[in-house]
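This report refers to the structure that appears directly beneath it.
The values are calculated or read from the model by the stated rules, or taken from the named source; none is laboratory data. Keep in mind the model is a prediction, meaning the values are calculated, not measured. In this analysis, Cβ positions are derived from the backbone assuming ideal geometry, glycine residues included, and neighbour counts consider all displayed protein chains. Heavy atoms of the whole protein, side chains included, go into the accessibility calculation; ligands, DNA and RNA do not. Shrake-Rupley method; radii C 1.70, N 1.55, O 1.52, S 1.80 Å.
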Amino acid sequence: MTENLEPSLVPELLVADLDQSIEFWCNSCGFDVVYSRPEERFAYITLGSAHLMLEQAGVGRNWITGPIERPLGRGVNFQITVPDSDALAQVLGRAGVELFMRPEIKWYGIGEEEAGVHQFLVQDPDGYLVRFQSSLGRRPTAR
């Protein structure tokens, strides 16, 4: 079986200001612009195997199903695995970005084991909630 290197799910986030979003996602969080269409105010960005599309509202084809109200993306958070979430939280703090939830260590039950993560949450400039996490490995579930 051949492994598909392209992700099966790539969220496209409608944003108010593409430049401001790229500043946050790329310059602060470490994503890279893989390609962009400046005339459409669109960018495809990646960080490791995490892929996102950013599209500025009011330019090009926006698929909008209802009224847009800030913060955007209510009811969803995007979990993104990074090598060192604590270091990223510090970078964001030095950049003056307020965290939605301070860094924590959390163990989640998954059957007979627990998966540990170091995680924090932050909102991007449009209010999309992002949970950056780093794995702490697994351990047997405490009985």
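For the chain, the solvent-accessible area with a 1.4 angstrom probe is 63 square angstrom per residue.
Leaving out ligands, DNA and RNA, and with a 1.4 Å probe, what % of the accessible surface on the range 40-127 is carbon or sulfur?
On the way: 2700 of 5190 Å².
In the range 40-127, the share of accessible area belonging to carbon and sulfur is 52 percent.
Given the options THR46, THR65, THR81, which has the most mean-square fluctuation in a GNM of the chain, springs set between C-alpha atoms less than 10 angstrom apart? For the chain, modelled as a Gaussian network with Cα springs under 10 Å, the answer is THR65. So the label point goes 7 Å from the Cα of PHE78 along Cα→C-beta, right? Which residues of the range 111-134 then have their backbone N under 13 Å from it? Those under the cut-off are 122-132. Placing a label point 7 Å from the Cα of VAL97 along the Cα-to-Cβ line, the residues of the range 38-76 whose backbone N sits under 13 Å from it are 47.
Taking the Kirkwood radius as Rh and the Cα radius of gyration as Rg, the chain has a ratio of Rg/Rh equal to 1.01.
Largest first and in whole Å, give the semi-axes of the range 1-68's equivalent ellipsoid, each being the square root of 5 times a Cα gyration tensor eigenvalue. Write out the running numbers ahead of the final one.
On the way: eigenvalues 97, 51, 22 Å².
For the range 1-68, the semi-axes come out at 22, 16, 11 Å.
Note on TRP107 and SER8: with the Förster distance fixed at 22 Å, the Cβ-Cβ geometry gives a FRET efficiency of about 0.20. In this structure the amide hydrogen of GLU113, modeled in the peptide plane, comes within under 5 Å of the amide hydrogens of THR141, none closer than 5 places in sequence on its chain.
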